[in-house]
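First comes the structure, then the notes that go with it.
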Amino acid sequence: MARYIGPKTKIARRFKEAIYGPDKNFDKRNTPPGQHGQARRRAKLTEYAIQLYEKQKAKYTYGILERQFYKTFEVAARKRGITGENLLKYLEARLDNTVYRMGIANTRAQARQLVSHRHIVVNGEVVNIPSYTLRPGDVVEVREKSKSLELITDAVSHNRASKYNWINWDAKAMKGTFLALPERDQIPENIKEQLIVELYSK
């Protein structure tokens, strides 16, 4: 299972956003990484660099490496509608992302681990593939014997799922329904998806 395991605060500092969630180290030092941080004079970014920056930001936000990210882009490009918006919709429909959105895990990395370790059930069947794409109407729940795990009970207690109206979540039963692919204005991530489309179109 390919995933990024490097320093997360350093990545967040590069993008000037806490893309991995609350981070005390980022709050203390949110200047760009490197010995001189903000004081270092940086050359004006080229168009290509700006587009690449946006793609990297999306990849790190959703915890996906290049090969899988590009495959998702190809699927989005074949579908009707705006390619950039389709891309974000399919990233949101990933099982690991939905587990995070439902509040079963505090971070996407945690969600990915819960799925891989067979703690998550989809439509009554255990699914251990983080990239599994959900369809409207799919029911996602915590496996019965995993409901007492401290990591899960702690995350569920924060009740984050109510923020997202494409998800119906029952905290008591630890079960939720993926109602529909979200519209772009419902997705809170600060990503300029059109720049990613332009990059891949070169």
Check: So residue 110 clears everything in (1) modelled with pLDDT of 95 or more; (2) surrounded by 14 or more Cβ atoms within 10 Å (Cβ to Cβ) except one condition, right? Which one?
Finding: (1)
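When the residues of the range 122-157 are narrowed to those that are of a type in the set (A, V, I, L, M, F, W, C) and surrounded by fewer than 18 Cβ atoms within 10 Å (Cβ to Cβ), which ends up nearest to residue 98 (Cα to Cα)? First the steps, then the outcome.
Of the range 122-157, the ones of a type in the set (A, V, I, L, M, F, W, C) are 122, 126-127, 129, 134, 139-140, 142, 149, 151-152, 155-156.
With surrounded by fewer than 18 Cβ atoms within 10 Å (Cβ to Cβ) added as a condition, the list becomes 126-127, 129, 139, 149, 151.
Values: 126: 15, 127: 13, 129: 13, 139: 11, 149: 19, 151: 17 Å.
Result: 139.
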Check: Condition test on residue 142, is it over 28 Å from residue 87 (Cβ atoms), touching a helix residue (DSSP H, G or I) at 6+ places or on another chain (Cβ under 8 Å) and either modelled with pLDDT of 95 or more or of a type in the set (S, T, N, Q) (or both)?
Finding: yes
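From 55, 71, grab the single residue that is assigned to a helix (DSSP H, G or I), closer than 30 Å to residue 106 by Cβ, among the basic types (Lys, Arg) and without any contact (Cβ under 8 Å) to a residue 60 or more places away in the chain.
Matching residue, one of 55, 71: 71.
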Checklist line | Residue count for the range 158-173, restricted to those that are loosely packed, with under 14 Cβ neighbours inside 10 Å and either touching a helix residue (DSSP H, G or I) at 6+ places or on another chain (Cβ under 7 Å) or among the hydroxyl-bearing types (Ser, Thr, Tyr) (or both) | finding: 2
Next item on the list: Considering each residue of the range 76-102, count those that are assigned to a helix (DSSP H, G or I) and farther than 20 Å from residue 192 by Cβ, and give that number.
Entry: 7
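The values are calculated or read from the model by the stated rules, or taken from the named source; none is laboratory data. Just so you know, these numbers come straight off a predicted model, no measurement behind them. Reconstructed Cβ throughout: ideal geometry from the backbone, glycine too, with neighbour counts over all protein chains shown.
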